[in-house]
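One structure below.
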């Protein structure tokens, strides 16, 4: 039966071209009521701009969504920094930390003991300011209000119907208010970024419905992207007003940008407060509105018109959906199949609008601020590595430029700690500056990432051009990986304190030889060695030594351990020991029987409520690599609190993180492996799925994982 099922998949994959539009459209979300957790993000693939809309198609219900997924308009270029009159720098919160070779400078949030009261106070203030600055901002909100400017409440709306057209990138919304139907079509726009909307309702004709444009101020608080706790800290100046057009200059400290509003038909535009404007249409049954934002404060954008904007949107999304990879689970009898396909399609959409820009995304993308909007560089592969496997290597290729841009700072960090090459920051911003952290500055698992990502690009785009383009960041990363370990009396190179592994619950002063980091360092150095050979360059002696002499993986009770000393494996947070054979290809000397026992131990004992959204994919990839395909499916869809996916496709963790994009990216990476294969995978289609006849997996455009 398994052989027949495998042959069936092979025949279908070879003989049929998948109906991509049908696959995407059958997974389009539909809402019949307002839900504070499920607004829809609108954007274009790679544009790095997202407008988050509620059930009205705009941002009418901001207060309703504030304790769920808030309604923001965010762009990758939109950052703010509060004044720094005391001239805080990272040096104000940097101290030497014990290392076997002496000390190394690190920048935790909390000051060490023994400082004077004055230095302790400055440390705390500097760490808080540097961590919160710069931060992303919400550019502005537009939504419906009553003609007198009073807010519309969710209870005012009836007969709600909303459908997110994923294939075209268009949001269709309808509802009834004051006894009349309102139809709203909303699309993302580009050049500059913004949205266009067409509103159809009899309420417009007799002036019973208005639009409000308002601007929140900057915030250095967690998640407070759309709040305005200090309206005096920013300015919204109407610099141009003419029939059907208004230009508003926005300023907050050193941040400046332009907001451009155009509309069709007859409507009055007026300022109602320091940061609040009303558009009051009358005598029209249909109103087209175009709202655009530009980092150029003097920019004035003339809308190309709604029809032209929606045509551009549809064409852009058509190109995205038809060029990349796709998977079809229809016809599967496994009860997981329908839900898994929904998660995949929605994750492909969300990755395109939140994670495909030129810079690394924050963990909540352009939806809301989490860690002040900053990039978490250890998460970049979870956001973006899958693009190469799903047939969009150009997205990953573009994001690697960020490493080249911040390379000088990364070299400075490595040199300050007595290492060669580049030590990449953890929590950072467009400048590449490190943020103080009691965890982040001690992490090392982001250091091989540029090699992993560049290798994925090379596999998708082989040839000297890719090797030459990314040589510098690959080699700088390898130089650090080879110089960071410490050679001890046993002749081996060890990873020593201060160090926190990817499973962040370990203490930096006590952690030695974490398994995943050892495996990742060795694998990445091996890839860098191959790049040197392919470029015709002589071997690097330091790389050769590190590749051969890194310490063996820690073992306890015939299982692989997370670290080399007690507590060998803590059963909470991220089960990262499983990444040695799953996310990474297994080393030649990895004992798969021992690894299988490690998998069983973790599956049985782990505290699942403490995991994050990318952890179930870790288990799925590990299970797939060792041929346990039923476990791979079950773990990927494990019913655990932080592995839920909302109607809008977002991986929901908790109220603090109502969306978590590394979960979506991890899911895509795991499914790409399971459906598209990996180096050394069994020679059959969809080698990570059970071949028992319960799965009918058809794919196009997927590249095998390493």
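Checking residue 220 against (1) within 23 Å of residue 299 (Cβ to Cβ); (2) surrounded by fewer than 21 Cβ atoms within 10 Å (Cβ to Cβ); (3) under 33 Å from the mean Cα position of the chain (by Cα): exactly one of these is not met. Which one?
All conditions are met except number (1).
Is there a residue in segment 480-491 that is at positive phi, at pLDDT 95 or above and surrounded by fewer than 24 Cβ atoms within 10 Å (Cβ to Cβ)?
Yes, because at least one residue in segment 480-491 is at positive phi, at pLDDT 95 or above and surrounded by fewer than 24 Cβ atoms within 10 Å (Cβ to Cβ).
Just one of (1) farther than 24 Å from residue 590 by Cα; (2) touching a strand residue (DSSP E or B) at 6+ places or on another chain (Cβ under 9 Å) trips up residue 525, so point out which.
Every condition holds for residue 525 apart from (1).
So which of 140, 102, 169, 149 ends up being out of contact with any helix residue (DSSP H, G or I) (no Cβ under 7 Å at 6 or more places or on another chain) and crowded, with 17+ Cβ neighbours inside 10 Å?
Unique residue meeting the criteria: 140.
Would you be able to say whether some residue in segment 263-272 is closer than 21 Å to residue 76 by Cα and crowded, with 21+ Cβ neighbours inside 10 Å?
no
What do you reckon, is residue 228 surrounded by 16 or more Cβ atoms within 10 Å (Cβ to Cβ), closer than 19 Å to residue 248 by Cα and out of contact with any strand residue (DSSP E or B) (no Cβ under 8 Å at 6 or more places or on another chain)?
Judged against the criteria, residue 228 is a match.
Can you find a residue that is assigned by TED's automatic domain parsing to the domain that holds residue 667, modelled with pLDDT of 95 or more and not in a loop (DSSP other than H, G, I, E, B) anywhere in segment 357-374?
Checked segment 357-374: at least one residue is assigned by TED's automatic domain parsing to the domain that holds residue 667, modelled with pLDDT of 95 or more and not in a loop (DSSP other than H, G, I, E, B).
Pick out the one residue from 154, 182 that is in contact with a strand residue (DSSP E or B) (Cβ under 7 Å, 6 or more places away or on another chain) and crowded, with 16+ Cβ neighbours inside 10 Å.
182
Determine, yes or no, whether residue 242 is surrounded by fewer than 16 Cβ atoms within 10 Å (Cβ to Cβ), under 28 Å from residue 136 (Cα atoms) and assigned by TED's automatic domain parsing to the domain that holds residue 43.
The answer is no for residue 242.
Hey, among 613, 644, 677, 666, which residue is on the phi > 0 side of the Ramachandran plot and not assigned by TED's automatic domain parsing to the domain that holds residue 67?
677 is the lone residue from the list that is on the phi > 0 side of the Ramachandran plot and not assigned by TED's automatic domain parsing to the domain that holds residue 67.
Can you spot a residue in segment 436-454 that is touching a helix residue (DSSP H, G or I) at 6+ places or on another chain (Cβ under 6 Å), more than 28 Å from residue 548 (Cβ to Cβ) and not in a loop (DSSP other than H, G, I, E, B)?
No: segment 436-454 contains no residue that is touching a helix residue (DSSP H, G or I) at 6+ places or on another chain (Cβ under 6 Å), more than 28 Å from residue 548 (Cβ to Cβ) and not in a loop (DSSP other than H, G, I, E, B).
When you scan segment 227-335 for strands (runs of 3 or more DSSP E) that lie fully inside it, which ones turn up with 1 or more residues that are without any contact (Cβ under 8 Å) to a residue 40 or more places away in the chain and more than 31 Å from the chain's Cα centre (by Cα)?
In segment 227-335, 235-242, 245-252, 255-263, 267-273 are the strands (runs of 3 or more DSSP E) which contain 1 or more residues that are without any contact (Cβ under 8 Å) to a residue 40 or more places away in the chain and more than 31 Å from the chain's Cα centre (by Cα).
Might you check whether a residue that is outside any loop (DSSP other than H, G, I, E, B) and closer than 17 Å to residue 336 by Cα occurs anywhere in segment 593-613?
Checking segment 593-613: not a single residue is outside any loop (DSSP other than H, G, I, E, B) and closer than 17 Å to residue 336 by Cα.
Please find, within segment 510-520, the residue that is surrounded by the fewest Cβ atoms within 10 Å (Cβ to Cβ) out of those that are assigned to a loop (DSSP other than H, G, I, E, B) and out of contact with any strand residue (DSSP E or B) (no Cβ under 7 Å at 6 or more places or on another chain).
Among those residues, the one meeting the criterion is 510.
For segment 538-557, indicate whether the set of residues that are exposed (fewer than 14 other Cβ atoms within 10 Å of the Cβ), at pLDDT below 95 and on the phi > 0 side of the Ramachandran plot is non-empty.
Among the residues of segment 538-557, at least one is exposed (fewer than 14 other Cβ atoms within 10 Å of the Cβ), at pLDDT below 95 and on the phi > 0 side of the Ramachandran plot, which makes the answer yes.
Has segment 117-124 got at least one residue that is crowded, with 18+ Cβ neighbours inside 10 Å and part of a helix (DSSP H, G or I)?
Yes, segment 117-124 contains at least one residue that is crowded, with 18+ Cβ neighbours inside 10 Å and part of a helix (DSSP H, G or I).
Just to verify a result, which residue in segment 414-431, among those that are touching a strand residue (DSSP E or B) at 6+ places or on another chain (Cβ under 9 Å) and not in a strand (DSSP E or B), is farthest from residue 351 (Cα to Cα)?
Only one residue fits best here, namely 418.
Only one of (1) buried (at least 21 other Cβ atoms within 10 Å of the Cβ); (2) touching a residue at least 60 places away in the same chain (Cβ under 8 Å) is not met by residue 424, so which one is it?
(2) is the only condition that residue 424 fails.
Assuming residue 79 fulfils every condition listed in (1) surrounded by fewer than 19 Cβ atoms within 10 Å (Cβ to Cβ); (2) closer than 17 Å to residue 432 by Cα; (3) touching a strand residue (DSSP E or B) at 6+ places or on another chain (Cβ under 9 Å) apart from one, which condition is it?
(1)
If residue 523 meets every condition in (1) touching a residue at least 40 places away in the same chain (Cβ under 8 Å); (2) not in a helix (DSSP H, G or I) apart from one, which number is that one?
Unmet for residue 523, out of (1) touching a residue at least 40 places away in the same chain (Cβ under 8 Å); (2) not in a helix (DSSP H, G or I): (2).
Quick check on residue 621: is it surrounded by 21 or more Cβ atoms within 10 Å (Cβ to Cβ), within 29 Å of residue 491 (Cα to Cα) and either within 26 Å of the chain's Cα centre (by Cα) or modelled with pLDDT of 95 or more (or both)?
no
Go through the residues of segment 586-596 one by one and say whether even a single one is touching a strand residue (DSSP E or B) at 6+ places or on another chain (Cβ under 8 Å), more than 21 Å from residue 383 (Cα to Cα) and touching a residue at least 12 places away in the same chain (Cβ under 8 Å).
Checking segment 586-596: at least one residue is touching a strand residue (DSSP E or B) at 6+ places or on another chain (Cβ under 8 Å), more than 21 Å from residue 383 (Cα to Cα) and touching a residue at least 12 places away in the same chain (Cβ under 8 Å).
Being buried (at least 22 other Cβ atoms within 10 Å of the Cβ) and touching a residue at least 40 places away in the same chain (Cβ under 8 Å) is the requirement here; does residue 357 meet it?
yes
Any idea how many residues of segment 166-212 are touching a residue at least 40 places away in the same chain (Cβ under 8 Å) and under 18 Å from residue 281 (Cβ atoms)?
Matching residues across segment 166-212 total 23.
The values are calculated or read from the model by the stated rules, or taken from the named source; none is laboratory data. Since we're looking at a predicted model, the values are computed, not measured. Heads up, the Cβs are rebuilt from the backbone with ideal geometry, glycines too, and the neighbour counts pull from every protein chain shown.
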